[in-house]
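First comes the structure, then the notes that go with it.
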Amino acid sequence: MSILLIDSSGTSTGGLCNDCKMNFTFPIGFPLDCWEQAAAERSLAAVAAHLTPAILPTQNIAMYERRAEKLGVQLLEIRQSHLGTDGGVTLAQDLLRELESRGVVVSLKETATGVREKDLVVLTDRREIGCRSLIIAPGRKGFAFLQKLMDSLGIPYIDNIVDIGLRVELREANYPIVHDYYDPKFLFPEKVRTFCTNSGRAFVVKEKYASRDGREYFSVNGHAFSKRGRASGLVNFALLKTVRFTAPLASGQEFAEMLGLQAMLMGGGQPLMQRVGDFRLGKRSKAESFTGDLYDFEPTLASCTPGDISLAMPAKVLRGIWKSMKALDTIIPGVLHPSTVMYYPEIKLYGNKPRFLDDHFQARPGIYLVGDGAGTSRGITAAWASGIRAAEGILARQP
Ligand SMILES: Cc1cc2nc3c(=O)[nH]c(=O)nc-3n(C[C@H](O)[C@H](O)[C@H](O)COP(=O)(O)OP(=O)(O)OC[C@H]3O[C@@H](n4cnc5c(N)ncnc54)[C@H](O)[C@@H]3O)c2cc1C
């Protein structure tokens, strides 16, 4: 077959180039409404056979599990590798080279603008390309693009789920579990979970998103470089609560946009940050909260605005997350040290759920929608597994 891969950016823009933790345990990264364990594990095995990941060791898990269970919290032990931001960039470049050496034509910095269904033609900012099969995987940044495309193709979908939360940054000494388990996955009551823990050379970053009417807002995130270089002595991780709208059915993306824009309003165009010490006293953080004594480390994303997260975050989300932080502090004493910084907002859009025609994520004849943008994955390995499933569907349709 002749294969063309187009991407609007110069390199991969997602987790491959942002920390690149890869999870090899079901159901991490696999939305359960799209995946059964057997199919996911078969694809995970194919991904692992190709990448031969170095799985990170874990230790002392039983101790944390015992403490967690008493609080109704679950600790999931998973198989994970970690390449770091630099290692991920190298992997992405190697994979592109490998594709090209196998005859795939790669066109970077080319943007798809639409699809003409009657003769299956992709419209881009440069040309029109006819094809027999089309896999569309625009990721989270392409969430709005995909919704517009589905509207134009008459593909029914719902997007009623969104994850909203904080990024927590603290001294490694106050979160020593990272020496035993690089990215500990705690599941708390009320659909709150820890997500994407980074340590070593770890940093909090902000990502820019555009709302449907073109206004910009930030969501924070975290990443770490591989072991080379000087450690920051800090850890960061997200605490996210899943919100699902039922009746009246609402768009998770629109809800998230409103929260993102509201945080921008309060932060003067920047995300908010607050020290736990101030939060516990019911006070906003100020510039002074970021100097001296108990407030003893510089936040890695210093451009955020010191403020009051409780003014910006919906009450139910805040309650669930604060309860989880207290539970976490009981499992790993130190989390609620006054110096711990909470950044807001961290938003994950996962909820595009197209109605598929078959098990291979075919949404219209010859058109497959996969990856985070289409809600078939929430992580790198599940995105790959989704691509494998679509490719198998295309092969099965070959005459
Ligand atoms: C900052 C960050 C850190 C993350 N860290 C991790 C991690 O450590 N571990 C993990 O498992 N997951 C992580 N993730 C999630 C992970 O990146 C995704 O699950 C995964 O990359 C999804 O793959 P995808 O192919 O669906 O989308 P992506 O990898 O996002 O790729 C989509 C591509 O489509 C391109 N595109 C979008 N619209 C168009 C268009 N109209 N025309 C042409 N090209 C277009 C984009 O440029 C992009 O390169 C992270 C995500 C982010 C944003």
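The values are calculated or read from the model by the stated rules, or taken from the named source; none is laboratory data. None of the values given here were measured: they were computed from a predicted structure. Here the Cβ positions follow ideal geometry from the backbone for every residue, glycine too, while neighbour counts run over all protein chains shown. To get the accessible areas, we keep the full protein, side chains included, count just its heavy atoms, and leave off ligands, DNA and RNA. Shrake-Rupley method; radii C 1.70, N 1.55, O 1.52, S 1.80 Å.
Take the Cα of L95, step 7 Å toward its Cβ, do the same at D119, and the gap between the two points is 3.4 nm.
Compared with the alpha-carbon gap, the fully stretched path from T330 to A210 is longer by 39.4 nm at 0.36 nm per residue. For the chain, the solvent-accessible area works out to 46 Å² per residue, with a probe of 1.4 Å and every protein chain left in place. Set the bar at 26 Å for Cα to Cα. Now go through K191/K326; K208/K353; K323/K353 and name every pair that lies beyond it. Listed pairs above 26 Å: K323/K353. Each residue was assigned an accessible area with a 1.4 Å probe, and for H360 the value is about 50 Å².
Once neighbouring chains are kept in place and the probe is 1.4 Å, which whole percent of the accessible area of segment 286-346 is contributed by carbon and sulfur?
59 percent
For the listed peptides 318-326, 32-40, a ranking on the average number of other beta carbons within 10 Å per residue, highest first, reads 318-326, 32-40. Each semi-axis of the equivalent ellipsoid for the chain is √(5λ) with λ an eigenvalue of the Cα gyration tensor; in descending order they amount to 36, 24, 20 Å. An ellipsoid equivalent to segment 210-369, defined through the eigenvalues of its Cα gyration tensor, has semi-axes of 33, 19, 17 Å when rounded to whole angstrom and sorted largest first.
Please report the carbon-and-sulfur percent of the accessible area for segment 170-227; probe 1.4 Å, protein heavy atoms only, DNA, RNA and ligands left out. For segment 170-227, the apolar C and S fraction of the accessible surface comes to 56 percent.
When all alpha-carbon pairs of segment 322-399 are counted, what percent fall beyond 17 Å? Every Cα pair in segment 322-399 considered, those over 17 Å come to 60 percent.
Quick check of the Kirkwood formula: for segment 139-232, what is the inverse mean of 1/r over all pairs of different Cα atoms, in Å?
Mean inverse Cα-Cα distance, inverted, gives 16.4 Å.
Under 16 Å from the 7 Å Cα→Cβ point of L249, by amide nitrogen: which residues of segment 347-373? Counting only backbone N, you get 351-357.
Expressed as a whole percent, the accessible area of segment 1-104 that falls on carbon and sulfur atoms is 52 (1.4 Å probe).
Calculated mean residue ellipticity at 222 nm for the chain: -9000 deg cm²/dmol, from DSSP H runs with n ≥ 4 weighted as -39500 (n - 2.57), summed, divided by the residue count and rounded to 500. So what's the angle, to the nearest 10 degrees on a 0 to 90 scale, between helix 143-153 and the longest Cα principal axis of the chain? That helix lies at roughly 30 degrees to the long axis.
Per-residue 3J(HN,Hα) values for segment 109-119, derived from phi via the Karplus relation 6.51 cos²θ - 1.76 cosθ + 1.60 with θ = phi - 60°, read 6, 10, 10, 6, 10, x, 9, 9, 6, 4, 10 Hz in sequence order (x marks Gly and Pro).
If R0 is 30 Å, the Cβ-Cβ spacing of D358 and S107 corresponds to a FRET efficiency of close to 0.60. Within straight-line reach of K21, meaning a Cα separation under 13 Å, sit the following aspartates and glutamates at least 8 residues removed in sequence or on another chain: D86, D183.
Mind putting a number on the dipole of the chain about its Cα centre? Charges go on the C-beta only, +1 for Lys and Arg and -1 for Asp and Glu, and I need it in Debye to the nearest 20.
360 debye
Coordinate range of the alpha-carbon atoms in segment 36-80 per principal axis, descending: 39, 25, 9 Å. Taking 7 Å steps out from each Cα toward its Cβ at H179 and D293 produces label points 2.9 nm apart. Cα-based values for segment 274-393, radius of gyration first and Dmax second, are 20.9, 63 Å.
Couplings for segment 196-213, taken from phi via the Karplus curve 6.51 cos²θ - 1.76 cosθ + 1.60 with θ = phi - 60°, read 6, 7, 10, 9, x, 8, 9, 9, 8, 10, 10, 10, 8, 10, 10, 6, 4, 9 Hz in order; Gly and Pro are left as x. Taking every protein chain into account, the 1.4 Å probe leaves M342 with about 0 Å² of accessible area, to the nearest ten.
Between I61 and R127, full extension at 0.36 nm per residue minus the direct alpha carbon distance yields a gain of 18.3 nm.
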